[in-house]
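Colleague: Below: one structure in structure tokens.
The values are calculated or read from the model by the stated rules, or taken from the named source; none is laboratory data. Just so we're clear, the structure is a prediction, and the values are computed from it rather than from any experiment. Cβ coordinates were reconstructed from backbone atoms using ideal geometry, including for glycine residues, and neighbour counts include every protein chain displayed. These accessible areas exclude ligands, DNA and RNA; they are computed on the full protein's heavy atoms, side chains included. Shrake-Rupley method; radii C 1.70, N 1.55, O 1.52, S 1.80 Å.
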Amino acid sequence: MKKAIDEVAVPQHKRLIVFTGGESTRLGNELYDTIAYANSLGLGTRLVTNAEWAVNDKQAGTVIDTLNECGLNELNISYDDFHAEFIPLNHVVRAWKTAEDRGRFNAIAFAVCSGPISKVTPESLMSAIGEYIPLVYDEQGNELSLPERKPGETRKLISNSRILRLGRGRKLDIRYCKIPDQQLIEQTPCPADNRQPVFMPSRHRCACCGINPEFNKVLDLDTEVSEHFRDVRTLLLRAIGEFGPGYLMGLVKKARPDIRFRDKYSGICEICSDVTRSQECLRILADNKQRIIEDLKALELIRKASDAEEAAGRHE
């Protein structure tokens, strides 16, 4: 973990190191030592946890005090219908309240995914805690405006998002999911936050934090691919960032209308997973390499023209 941090440690760029899992706290002192190491380099740190450790007040206090000593900046507690099968709600409430009372964090947040039939929602968590907590996103997934954090203040948030059918949950009942306008998500580029470096247990460097990217030929930068496909991979990653995975799905559909995709998608990560994990889709996209190059060049020309027009307007 320290080696991975050294590869991205650029404090002047305000890097934030996020520790997530699985359940990271099961690493014990290895986790705490690495948080302290990142802190010593001037890097921000966030821990994502399910709060399984908050079995009683004493144990919760011990963990929070240790995280304080390590210099952790942000505590993020994950909870939803699927965590609730394994983690009692009172563990989550105890972890939150102990962090409020004893923590010295810049922020504590709930990360909750919910949909139309979810029992665990932002509202149910607020009720359990007994206070209103600001939401990070609106119903459309757009980031809401939040007040500036005052010096010494602990910001409290709920990072609310929709449920996505990914990995083991690919065949999850669609009733759990909010289905947005399909044309909109097919035209939505992958946000920069989702394309930050991720280090997996295999020690592979990956280019995605939205889905499990390990051993994905596009998203896992250290998985072995042919020399020819390395260039294609770079091109596909650019296209995902500029146009979104829906653009790639459109190219596949045009080339091979017989390839079946899902009837409805909850978000762009589902599209990205379906396209980048299909060997047939990747073969088709490799065949369309020149088309992708031309579309990216066209976008660059449009941007230059727009920037020139804006500069001329300011000059006038």
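Colleague: For segment 212-271, which GluC sites (Glu not before Pro) are both in a DSSP coil and crowded by at most 10 other Cβ atoms within 10 Å?
Modeller: Sites meeting the loop and neighbour criteria: Glu224.
Colleague: Could you pull the accessible area for Ser159 with a 1.4 Å probe, rounded to 10 Å²?
Modeller: 40 Å²
Colleague: Which value, in debye to the nearest 20, describes the size of the charge dipole of the chain about its Cα centre when Lys and Arg Cβ atoms bear +1, Asp and Glu Cβ atoms bear -1, and nothing else is charged?
Modeller: Approximately 520 debye in magnitude.
Colleague: Using a Gaussian network model of the chain with C-alpha springs under 10 Å, which one of Glu69, Glu85, Glu280 is most mobile by mean-square fluctuation?
Modeller: Comparing Glu69, Glu85, Glu280 in the GNM, the peak value goes to Glu85.
Colleague: Right, another one. Of the options Gly169, Pro189, Leu157, report the single residue whose Cα projects farthest towards the positive end of the charge dipole of segment 141-207 (beta-carbon charges: Lys, Arg +1; Asp, Glu -1).
Modeller: Projecting each Cα onto the dipole axis, the largest value belongs to Gly169.
Colleague: Between Gly152, Gly141, Gly244, find the one with the highest GNM mean-square fluctuation for the chain; connect C-alpha pairs within less than 10 Å.
Modeller: Between Gly152, Gly141, Gly244, it is Gly152 that shows the largest mean-square fluctuation.
Colleague: Please state the charge dipole magnitude for segment 95-226, taken about the Cα centre, from unit charges on C-beta atoms (+1 on K and R, -1 on D and E), reported in debye and rounded to the nearest 20.
Modeller: Dipole size: approximately 400 debye.
Colleague: Only Cα pairs within less than 10 Å get springs; with that Gaussian network setup on the chain, which residue of Leu16, Leu301, Leu31 has the largest fluctuation?
Modeller: Most flexible of the set in this elastic network: Leu301.
Colleague: Same structure, new question: Efficiency by 1/(1 + (r/R0)^6): what FRET value for Leu16 and Asp295, r their Cβ-Cβ distance, R0 = 30 Å, to the nearest 0.05?
Modeller: Working: r = 32 Å, r/R0 = 1.07.
In this case the efficiency is close to 0.40.
Colleague: Which entry is the computed semi-axes √(5λ) of the Cα gyration tensor in Å for this structure: (1) 40, 25, 16; (2) 36, 23, 21; (3) 30, 28, 18?
Modeller: It is the value labelled (2).
Colleague: Then there is this: Determine which residues of segment 154-170 fall in the zone a paramagnetic label at Met126 would reach in this model, i.e. backbone nitrogen under 16 Å from the point 7 Å along Cα→Cβ.
Modeller: Of the residues in segment 154-170, 156-161 have backbone N under 16 Å from the label point off Met126.
Colleague: What do you get for chymotrypsin sites (Phe, Trp or Tyr not before Pro) in segment 59-134 restricted to DSSP loop and a cutoff of at most 13 other Cβ within 10 Å of the site's Cβ? Working shown, then result.
Modeller: On the way: sites: Tyr79, Phe82, Phe86, Trp96, Phe105, Phe110, Tyr132; in loops: Tyr79, Phe82, Phe86, Phe105, Tyr132.
Those satisfying the criteria are Phe86, Tyr132.
Colleague: Each residue of segment 188-205 in turn: what ³J(HN,Hα) in whole Hz from Karplus with 6.51, -1.76, 1.60 and θ = phi - 60°, glycine and Pro shown as x?
Modeller: My calculation for segment 188-205 gives 9, x, 6, x, 4, 4, 7, 10, 7, x, 10, 10, 9, x, 6, 6, 7, 8 Hz in order.
Colleague: Are there any GluC sites (Glu not before Pro) in segment 143-179 that are in a DSSP loop and have at most 10 other Cβ atoms within 10 Å? List them by number. Can you show the working numbers first?
Modeller: Working: sites: Glu143, Glu148, Glu153; in loops: Glu148, Glu153.
When the GluC sites (Glu not before Pro) of segment 143-179 are filtered for loop state and at most 10 Cβ neighbours within 10 Å, Glu148 remain.
Colleague: May I pose another question? Aspartates and glutamates near Lys217 by alpha-carbon distance under 14 Å, same-chain residues fewer than 8 away left out - which ones?
Modeller: Leaving aside aspartates and glutamates fewer than 8 places away in the same chain, those within reach of Lys217 are Glu227, Asp231, Asp274, Glu280.
Colleague: On a 1.4 Å probe surface of the protein chains, which of Arg175, Arg291, Arg233 comes out largest in accessible area, and what is the full order?
Modeller: Descending order: Arg175, Arg291, Arg233.
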